[in-house]
Amino acid sequence: MLKRIGVELLHHIPFTATGAAIGIGAMALVTVFNTSLSVSEALFYTFHPLHVIFSAMVTTAIFRKHENRKLWMVVLVGYIGSIGIATLSDAVIPFLEGKSLQIDMEFHLPFISTEIMPYFNVPGWVIINSAAVIGIAIGYFKFATRLPHLVHVLLSTWASLFGFTAFGTADWLPLLPIIFVFLFLAVWIPCCVSDIVFPLLWVKGEPAHQHASH
């Protein structure tokens, strides 16, 4: 298992770095054009639910591929693996990283947020938890994980990025190099843990078969 984790982490470095670089470019544009916090918040609440959907799809599909357990177990693994890791990647890690740079950051947990989401006019927890349910349902019936995993990494990058700009206030341009490193770390390890490590931890014995790197 440890060897597999190492291989997967190394495999994801180029794609995650590319996604982080694109994200930093977007962050520079947001800063240069001085877009309002409401724009960043709306983008966060677009990419974060999409991140949850794809995370739930992949986590559920991999668990189902190796372990045909009761429905409640599949739902539990899919929910914890998506909501838990997506919250860590998109909200908790950006908050901790921002605070380490002495940025004024607002702490939030989207899956229990009662704040009305932009454009949807419903509390945040409704959208986020509904996204997890949708992802679990798709992953339960469809085992393909290659494309969803790649999309998951990209969506996580953008959700983490706007987690900085939507809930933090700073002069971002001088911070972009270190934000690149933080953005990379916020996506690289959590996504691999969510999609690969976490679902396999629940599998009894050796996985039924190995799936190719994504």
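Rounded to two decimals, what is the ratio between the C-alpha radius of gyration of the range 19-106 and 2.2 N^0.38 Å?
For the range 19-106, the normalised Cα radius of gyration is 1.38.
List the residues, sorted by chain then number, that are 5 or more residues from Ser113 or on another chain and whose placed amide H is less than 5 Å from its amide H.
For Ser113, the qualifying residues are Trp125.
Between Phe141 and Asn34, what length in nm is gained on full extension when 0.36 nm per residue of separation is reduced by their alpha carbon distance?
34.1 nm
Listed highest first by mean packing, meaning other Cβ atoms within 10 Å per residue, what order do 47-53, 111-117 come in?
The densest-packed peptide leads the list: 47-53, 111-117.
How large is ³J(HN,Hα) for each residue in the range 161-167, as worked out from phi by the Karplus curve 6.51 cos²θ - 1.76 cosθ + 1.60 (θ = phi - 60°), to whole Hz, x for Gly and Pro?
Values per residue, Gly and Pro as x: 4, 6, x, 5, 6, 7, 10 Hz.
Throughout, read-outs are computed from the coordinates displayed, never taken from laboratory work. Since the structure is predicted, the reported quantities are computational estimates derived from the model, not experimental observations. Heads up, the Cβs are rebuilt from the backbone with ideal geometry, glycines too, and the neighbour counts pull from every protein chain shown.
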